[in-house]
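Okay, so here's the structure we're looking at.
The values are calculated or read from the model by the stated rules, or taken from the named source; none is laboratory data. As the structure is a computational prediction, the values presented were derived from the model and not from experiment. Cβ placement follows ideal geometry from the backbone for every residue including glycine, while neighbour counts extend to all protein chains displayed.
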Amino acid sequence: MARVEFDDVSKVYDDGTRAVDRLDLEIADGEFMVLVGPSGCGKTTALRMVAGLEEISDGTVRIGERVVNGLTPKSRDIAMVFQSYALYPHLTVRDNIAFPLKIAKLPKDEIGRRVDEAARILDLEPYLKRKPRQLSGGQRQRVAMGRAIVRQPAAFLMDEPLSNLDAKLRVQMRADIKKIQSDIGTTTIYVTHDQVEAMTMGDRVAVMRKGELQQVAPPQELYDNPVNVFVAGFIGSPAMNMLEARIDRGGEGLVAHVGDSELALDAETLSRRPGLASYAGRDVVLGIRPEDLEDAALANGGPRLRGRVELREALGSEVLVHFAVAARQAVTEEMRELAEDIGDDRVLLDQPAEASLVGRFSPRTQVRENELVEVSVDRRSLHFFDAQTGLAIG
Amino acid sequence: MLRLPALTLRLAILSAFAVFFAVPVLWLILAPTKADSALVTASPLSFGSFHQLSLAWHHLDRFSDHIYRRWIYNSLYYALSATAITLAVSVPAGYGLAFGKFPGRRLLLSLTLVVMIIPAAALVLPIFLELNAMHLLGRSLSVILPFSFFPFGVYLAYIYYATALPPGLLDAARVDGCSEVQTFVRVALPLAKPVVALVFFFSFVADWNNFFLPLTVLADSNQYPIQVGLSDLLSSTPSFNPAQGGGGQTVDIFRPELALATLIAIVPVAIVFLVSQRALVRGLVGGAVKE
Amino acid sequence: MRGLRVPRGLPFVLPYLPFLIVFGIAPTIYALDLAFTNATGGWAWFHNFVRTFDDYRFVPAFKHILLYTSVWLAMLVVIVVGLALLLHGRANRVSSTFRFIFYMPGALAGAASVLVWLFMLDPVVSPGRFLLQHVLGATLFAQSIAPGNLPFIFAMIAFWTGAGGWIVVMYGALNTIPHDLEEAARIDGASPIQIALRLKLPLIRKWIAYMVILSFATGTQLFVEPQLVNEASLGLVPDTWSPNQLAYQLAFRYADFNGAAAIAVDLLFIGLVGAFLIVTRTGLFRTDD
Ligand SMILES: Nc1ncnc2c1ncn2[C@@H]1O[C@H](COP(=O)(O)OP(=O)(O)OP(=O)(O)O)[C@@H](O)[C@H]1O
Ligand SMILES: [Mg+2]
């Protein structure tokens, strides 16, 4: 077991793609670190550099105290679980799990003991004689896990190990993997683009974007205090609502003008975001989590937004209500990039005067589609970001 | 129903071709059971007797001091050795070309494709001169070594590895502690069975049937493979070479003997064909048809 | 600090290199070199090509294989594809029996196939003597193998041995067409013939091209068949019937290696141009890297 450290690590592929850009990240001994980010952000590349499957263009990777840059995968003492599982089709489940041990030339009885142990932990005992193609997806996933844990390596590397499973199995395996990891306490780097996995599994979560690390924090911290618009928008589902707002002095302190509505920022809000004071008279991006919006008819007090209901999605325990308010949607950097990519700036120019928001309402709400609704905003956890830099205003 | 005539027509066409394909084979199987004269008088697709068959074998075997056995042995020796070398060379080469990262990889691939399209016969003369310069002419190596160069095998192995072996599997093996050689031997090689069968088939059949090269590089009829031997035998058969009339009498090689010689000569290939029909299609079409 | 920097995969290719060089690249270059030099090694421009072209046996030999190759390829494309389409969609048992019957003569390639057909063409013993007499008008072996018949006879022999393998391959290729596609076409109102021609045929185009390429290249190299017929015909059929035979005779009877090489280069050139045309016209290797 060991800590794993990225020290100013970059990866430039032969074709010039800069897949990982100056990554600094330290994973403590025994920690479960999740790397998360949108597709193509360099998660897999980062992981493969630790594994030794991809050359490191710049910087150093350490496993334990050892710099591993020049080492082959063989000599790095890591185990990896692949998205495709990469089970050897010509070997039985037992031989698949035993494979790394045989390569390491462990004594036969030791191999047998360890494989049996792994099979017991993973409930694979009935399948040891089968070939991978005779297994279900979930069983294959377990075999891949088994092959990793028998080695008792310094670190586990997992690249979207659950993405080929159906939703229900995924929930279960999520819990199983987490439990196994905390039982054996092996340092783990887990790559996913599923933020629910990231939130539920990680001791800490590292959010990446276009090869750059955005924020590393425990899941709740990430959710409560995203450092920038990107992290705020990426973590949480449905995503945080982002609106253009203008901060002005008014009443007892500050008010945020959102379209033609006005949100008074009380002293409590301001004490949590002292930086806001210097933004008086400036534009900011206002972020509101869907759960901080509620049907005003069911809420007690708080500032209000008026909107028209566009869509109502009843999920049983809650109702997701999409509604349009007279305000401008904040143009996030992703949207700007998208517009540049497709060479179409209408996305930016033709900003409708209406912004579409999502609220997570109580199931008792009576709102109906195409009717007007009064929405109450919970001020306690509003997020503010600099309109230019996208950084959180603390 | 409108469909009935169409069905009948279809069956009729297929059957007509079946006759065309099957009758010569049937004739060949039956001919050695009859005496030369009976071939002319009896119905062409009738069975003679086992006695005649053993007589024909007796004559054939006696021809030129058991040289027929020698030819079959030579053919087996040349084709099997060359195919063994071909397999040993082309499976790793296909693997290296599919997953390797080294300068010149694409050049090698293109050269292989080009050489594959050049028919072997076009190069027989320069190869003859090369072998002459290497002082290999008249040695069995002069047949085996050129036979062992089988670019089509490399291409098949390359296509197979590139399309059917997930690169993730090799990564997994490396992470599991395999060296590059172990990755190949323990993962890529055991998974190559379908393509090994395919390469074996094409290489063995091509080598067994090759006529031009051994005819050119071998001088002693004791070294001939069966294909060249058959042509020797043909020129000793009086029915096709009346000039050989008297000779034919003394060596007892007539049409039944010639037919038997032909029949035995195709047995190894026929066996390979029988066992490989299904694997052939699965390997070729399944592996390479990826659109 | 090694490992990752060793050019990955190169060691696996190394054993192949000497073979590729010695028996693939070097002979090609050697043939080119011989073709453009004279017996003493001096540069000869196109002299060898002109010289062999002027040989009275040159033009007939090329005419022979031109006719032979065209007939053979036409037979292959039309009949192989036709039979594969007819077989596809038959009950499996029936279809596999037919495929097996078509396929087995493939075992009789090379000299064996010629010997069998020498018998088949001999009106005295042939099971098809009725056809020989009434279609070819031949009552003697020598009449069956009259020079005018030979390109067709060789094409038939080559077809007899080679077609079955290709039928099996085409049939396999047809089986990779998703069943849904065929059903969709049927629902769209296509008749079986329309489905065969409009749907199946284009989808196996690649394989047809592949078959034509390989067959074209081997077709121009005809050697063993005329060689054996020459032996069996008492010189009625010349021993320089095909260009490869002519090259062989030049090299080993007249020791004219330069002339022989010039003919080999002619054949090589024809083969490569043919292959190139077929490849570019059909995009055969487009998906490869
Ligand atoms: N072998 C390669 N050569 C060139 N560019 C590559 C290569 N592999 C990946 N890339 C590029 O590097 C970037 C990062 O890729 P990577 O696979 O690490 O993303 P990822 O975060 O794992 O995405 P996903 O969630 O889709 O798996 C992408 O832009 C990708 O196109
Ligand atoms: Mg990835």
Taking interchain pairs and intrachain pairs at least six residues apart, which have beta carbon atoms under 7 angstrom, with the first residue in the stretch A:36-56 and at positive phi and the second more than 9 Å from ligand 2 (Cβ to nearest atom) and assigned to a helix (DSSP H, G or I)?
-> A:Gly52/A:Pro73; A:Gly52/A:Arg76
Given the stretch C:100-196, what helices (runs of 4 or more DSSP H) lie entirely inside it while holding 1 or more residues that are modelled with pLDDT of 85 or more?
-> C:111-120, C:150-175
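Being in contact (Cβ under 8 Å) with a residue 12 or more places away in the chain, within 13 Å of chain B (Cβ to nearest Cβ) and closer than 16 Å to C:Leu236 by Cβ is the requirement here; does C:Pro123 meet it? Let's see the steps before the verdict.
Details: in contact (Cβ under 8 Å) with a residue 12 or more places away in the chain: yes; within 13 Å of chain B (Cβ to nearest Cβ): yes; closer than 16 Å to C:Leu236 by Cβ: yes.
When the stated conditions are applied, C:Pro123 passes them.
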Could you say whether any residue in the stretch A:197-210 is within 16 Å of ligand 1 (Cβ to nearest atom) and within 14 Å of chain B (Cβ to nearest Cβ)?
-> no
So which of A:Asp116, A:Asp123 is part of a helix (DSSP H, G or I), more than 9 Å from every other protein chain (Cβ to nearest Cβ) and either away from ligand 1 (no atom under 16 Å from the Cβ) or surrounded by fewer than 19 Cβ atoms within 10 Å (Cβ to Cβ) (or both)?
-> A:Asp116
For the stretch A:73-104, how many residues are more than 7 Å from chain B (Cβ to nearest Cβ), within 15 Å of ligand 1 (Cβ to nearest atom) and either more than 21 Å from A:Arg142 (Cα to Cα) or aliphatic (A, V, I, L, M) (or both)?
-> 1
Among (1) free of Cβ contacts under 8 Å to residues at least 40 places away in the same chain; (2) within 10 Å of chain B (Cβ to nearest Cβ); (3) surrounded by fewer than 19 Cβ atoms within 10 Å (Cβ to Cβ); (4) more than 17 Å from the chain's Cα centre (by Cα) - the single one C:His179 does not satisfy | (2)
Selection count where residues are in a loop (DSSP other than H, G, I, E, B) and within 12 Å of ligand 1 (Cβ to nearest atom), scope the stretch A:29-42 = 6
Identify, please: which residue in the stretch A:43-72 is away from every other protein chain (no Cβ under 13 Å) and part of a loop (DSSP other than H, G, I, E, B) and is, among those, farthest from ligand 2 (Cβ to nearest atom)?
-> A:Glu65
Taking the stated definitions as given, is A:Leu23 touching an Asp or Glu at 6+ places or on another chain (Cβ under 8 Å), within 14 Å of chain B (Cβ to nearest Cβ) and either under 14 Å from A:Met208 (Cβ atoms) or within 16 Å of ligand 2 (Cβ to nearest atom) (or both)?
-> no
Residue in the stretch B:60-72 that is farther than 30 Å from B:Phe147 by Cβ, of a type in the set (A, V, I, L, M, F, W, C), more than 12 Å from chain C (Cβ to nearest Cβ) and surrounded by 14 or more Cβ atoms within 10 Å (Cβ to Cβ) present | no
A:Gly211 is checked against (1) touching a Lys or Arg at 6+ places or on another chain (Cβ under 6 Å); (2) within 16 Å of ligand 2 (Cβ to nearest atom); (3) modelled with pLDDT of 95 or more and fails just one. What number does that condition carry?
-> (3)
Condition broken by A:Gly281, with the remaining ones in (1) touching a residue at least 24 places away in the same chain (Cβ under 8 Å); (2) within 23 Å of A:Val331 (Cβ to Cβ); (3) not in a loop (DSSP other than H, G, I, E, B) satisfied = (3)
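Of all residues being of a type in the set (A, V, I, L, M, F, W, C) and in contact with a Gly (Cβ under 7 Å, 6 or more places away or on another chain) in the stretch A:32-42, which is nearest to ligand 2 (Cβ to nearest atom)? Just the residue, please. Give the steps one after another, and end with the answer.
Residues of the stretch A:32-42 that are of a type in the set (A, V, I, L, M, F, W, C), as a first pass: A:32-36, A:41.
From what is left, the residues that are in contact with a Gly (Cβ under 7 Å, 6 or more places away or on another chain) are A:32-34, A:41.
Working: A:Phe32: 18, A:Met33: 16, A:Val34: 13, A:Cys41: 9 Å.
Only one residue fits best here, namely A:Cys41.
Can you pull out the residues in the stretch B:56-67 that are part of a helix (DSSP H, G or I) and either in contact (Cβ under 8 Å) with a residue 60 or more places away in the chain or more than 18 Å from B:Ser37 (Cβ to Cβ) (or both)?
Going through the stretch B:56-67, the residues part of a helix (DSSP H, G or I) turn out to be B:56-62, B:67.
B:Ala56, B:Trp57, B:His59, B:Leu60, B:Asp61, B:Arg62, B:Ile67 - these are the residues of the stretch B:56-67 that are part of a helix (DSSP H, G or I) and either in contact (Cβ under 8 Å) with a residue 60 or more places away in the chain or more than 18 Å from B:Ser37 (Cβ to Cβ) (or both).
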Among all residue pairs at least 6 apart or on different chains, which show Cβ distances below 8 Å where the first residue, located in the stretch C:148-173, is more than 8 Å from chain B (Cβ to nearest Cβ) and the second is acidic (Asp, Glu)?
-> C:Phe154/C:Glu225; C:Ile157/C:Glu225; C:Ala158/C:Glu225
Is it the case that the stretch C:228-236 has a residue that's more than 10 Å from chain B (Cβ to nearest Cβ), closer than 24 Å to C:Leu115 by Cα and part of a loop (DSSP other than H, G, I, E, B)?
-> yes
Quick one: which residue in C:Leu67, C:Leu34, C:Leu10, C:Leu17 is within 14 Å of chain B (Cβ to nearest Cβ), in contact (Cβ under 8 Å) with a residue 40 or more places away in the chain and either touching a Ser or Thr at 6+ places or on another chain (Cβ under 8 Å) or not charged (D, E, K, R) (or both)?
-> C:Leu34
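Would you confirm, using the coordinates I've provided, whether A:Leu311 is within 16 Å of A:Gln366 (Cβ to Cβ), exposed (fewer than 14 other Cβ atoms within 10 Å of the Cβ), touching a residue at least 24 places away in the same chain (Cβ under 8 Å) and not small (Gly, Ala, Ser)? I'd like the intermediate steps shown before the answer.
Values: within 16 Å of A:Gln366 (Cβ to Cβ): yes; exposed (fewer than 14 other Cβ atoms within 10 Å of the Cβ): yes; touching a residue at least 24 places away in the same chain (Cβ under 8 Å): yes; not small (Gly, Ala, Ser): yes.
Considered against the rule, which asks whether it is within 16 Å of A:Gln366 (Cβ to Cβ), exposed (fewer than 14 other Cβ atoms within 10 Å of the Cβ), touching a residue at least 24 places away in the same chain (Cβ under 8 Å) and not small (Gly, Ala, Ser), A:Leu311 comes out as yes.
Hey, does the stretch C:220-227 have a residue that's under 21 Å from the mean Cα position of the chain (by Cα) and more than 9 Å from chain B (Cβ to nearest Cβ)? Break it down stepwise before answering.
The first filter runs over the stretch C:220-227 and keeps only residues under 21 Å from the mean Cα position of the chain (by Cα), leaving C:220-227.
If we keep only those that are more than 9 Å from chain B (Cβ to nearest Cβ) as well, we get C:225-226.
Among the residues of the stretch C:220-227, at least one is under 21 Å from the mean Cα position of the chain (by Cα) and more than 9 Å from chain B (Cβ to nearest Cβ), which makes the answer yes.
Take the stretch A:1-17 and flag every residue that is in a strand (DSSP E or B) and away from ligand 2 (no atom under 16 Å from the Cβ). Lay out the reasoning, then the answer.
Kept after step one, since they are in a strand (DSSP E or B), are these residues of the stretch A:1-17: A:4-12.
Hits for the stretch A:1-17 are A:Val4, A:Glu5, A:Phe6, A:Asp7, A:Asp8, A:Val9, A:Ser10, A:Val12.
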Residue tally, condition facing chain B (nearest Cβ under 7 Å) and under 24 Å from B:Pro238 (Cα atoms), over the stretch C:89-116 | 7
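Name every residue in the stretch B:91-123 that is small (Gly, Ala, Ser), at the interface with another protein chain (Cβ under 7 Å from one of its Cβ atoms) and in a helix (DSSP H, G or I), in order of residue number.
Here is the first cut: in the stretch B:91-123, the residues small (Gly, Ala, Ser) are B:93-94, B:96, B:98, B:100, B:104, B:110, B:120-122.
Filter again for at the interface with another protein chain (Cβ under 7 Å from one of its Cβ atoms), leaving B:93, B:96, B:100, B:121-122.
Of everything in the stretch B:91-123, those that are small (Gly, Ala, Ser), at the interface with another protein chain (Cβ under 7 Å from one of its Cβ atoms) and in a helix (DSSP H, G or I) turn out to be B:Ala93, B:Gly96, B:Ala121, B:Ala122.
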